[in-house]
């Protein structure tokens with residue numbers, strides 16, 4: 001039986017399938033990093049749903065960062081007060097990263113997962129594959145008694161919404177929503193268990209970028225903002241009907257330095273793009289690489305004050321669960337990852353229905369074959385044989 005659909009379900013126009021762009025993987029280069037900042041981690045990717053390498057610096061900063069990160073039972077491991085034992089982190093590992101946009105004007109509205117990313121790290125822990133799950137992917141969401149949800153066939157971003165509801169109280173619990181979403185993503189991908197997970201809210205995303213002094217990246221196509229004016233103020237809603245009015249912020253093709261609000265605005269755009277949400281997924285992944293490079297730049301790693309600000313902003317914006325391993329444990333385990341050792345993958349998909357009959361998205365056979373290869377430890381070989389699955393940066 002299908003659960004109640006969240007507001008806005010089924011009322012969007014088709015995003016369009018589109019073919020994934022080809023490309024070639026970047027060759028890995030070694031970068032010299034100050035010894036005090038040698039613990040480089042993919043948890044920086046958590047900063048923006050995968051920024052691919054923020055540095056955990058001195059012991060003082062590490063302690064502050066770890067203490068600031070909010071911990072929660074994202075996978076339901078601690079039921080009935082059970083303690084999760086500390087564990088070693090050995091490859092291969094899978095990490096689930098989720099971005100939400102809670103409504104400040106309505107804190108009692110359950111959040112939706114605006115971005116869903118999976119990081120698969122290989123057995124030797126020096127190569128990773130990042131792919132996005134289309135937010136409009138139509139899936140079977142399992143029953144979730146904690147939220148009195150009976151299960152149903154819905155768009156995957158609804159899993160966070162349904163799971164966050166707490167019987168008997170108004171305020172939703174994103175950690176519960178993450179638990180249901182993780183179960184749903186496991187069914188879709190065949191990844192039976194995620195080794196870590198994190199939630200980041202988009203407001204925190206903006207603070208992190210500003211703490212870094214902005215991020216420089218290459219914009220691969222002209223983009224007009226649906227939500228912001230050129231000065232960053234929010235566009236006004238139309239008096240009647242959906243949409244906005246007023247001048248629009250624009251992001252022109254070429255290299256640009258983005259402030260926090262610009263970065264957040266840019267990676268959220270999908271309307272007006274040739275391939276809709278698939279283009280947005282590519283832009284988010286490109287920003288991952290740019291943010292990783294910025295985090296590893298001398299401007300950040302050799303500036304303890306700026307680095308401290310970045311780490312504190314990250315800690316305040318995250319909800320993390322390492323399934324028995326701490327932030328520091330994960331930082332050390334992933335120390336050999338660099339931004340150029342993270343392959344950005346597009347899962348090819350296509351729309352179900354068009355126009356007003358649009359129902360959502362489904363994965364194409366090539367995406368399912370990639371997931372099968374990933375589960376079998378052969379992701380690298382599969383991507384080498386299908387370079388069109390690599391999301392290009394330019």
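The values are calculated or read from the model by the stated rules, or taken from the named source; none is laboratory data. Just so you know, these numbers come straight off a predicted model, no measurement behind them. Positions of Cβ are generated from backbone atoms using ideal geometry, with glycine treated the same way; all protein chains shown enter the neighbour counts.
So if I check each of 147, 143, which one is touching a strand residue (DSSP E or B) at 6+ places or on another chain (Cβ under 9 Å) and either surrounded by fewer than 16 Cβ atoms within 10 Å (Cβ to Cβ) or free of Cβ contacts under 8 Å to residues at least 40 places away in the same chain (or both)?
Going through 147, 143 in turn, the sole match is 143.
Conditions: (1) free of Cβ contacts under 8 Å to residues at least 60 places away in the same chain; (2) over 30 Å from residue 274 (Cα atoms). Residue 382 meets all but one. Number of the miss?
Evaluating residue 382 over (1) free of Cβ contacts under 8 Å to residues at least 60 places away in the same chain; (2) over 30 Å from residue 274 (Cα atoms) leaves (2) as the failure.
Which of the following residues is surrounded by 14 or more Cβ atoms within 10 Å (Cβ to Cβ), touching a strand residue (DSSP E or B) at 6+ places or on another chain (Cβ under 8 Å) and modelled with pLDDT under 75: 95, 116, 100, 56?
Answer to the selection: 56.
Go through region 332-379 and give me each residue that's in contact with a helix residue (DSSP H, G or I) (Cβ under 6 Å, 6 or more places away or on another chain) and over 19 Å from residue 278 (Cβ atoms).
Within region 332-379, 339, 373, 379 qualify.
Please tell me if residue 232 is out of contact with any strand residue (DSSP E or B) (no Cβ under 9 Å at 6 or more places or on another chain), on the phi > 0 side of the Ramachandran plot and not in a strand (DSSP E or B).
yes
Given the residues 351, 331, which is the only one that is within 26 Å of residue 193 (Cβ to Cβ) and buried (at least 16 other Cβ atoms within 10 Å of the Cβ)?
Checking each option against the conditions leaves just 331.
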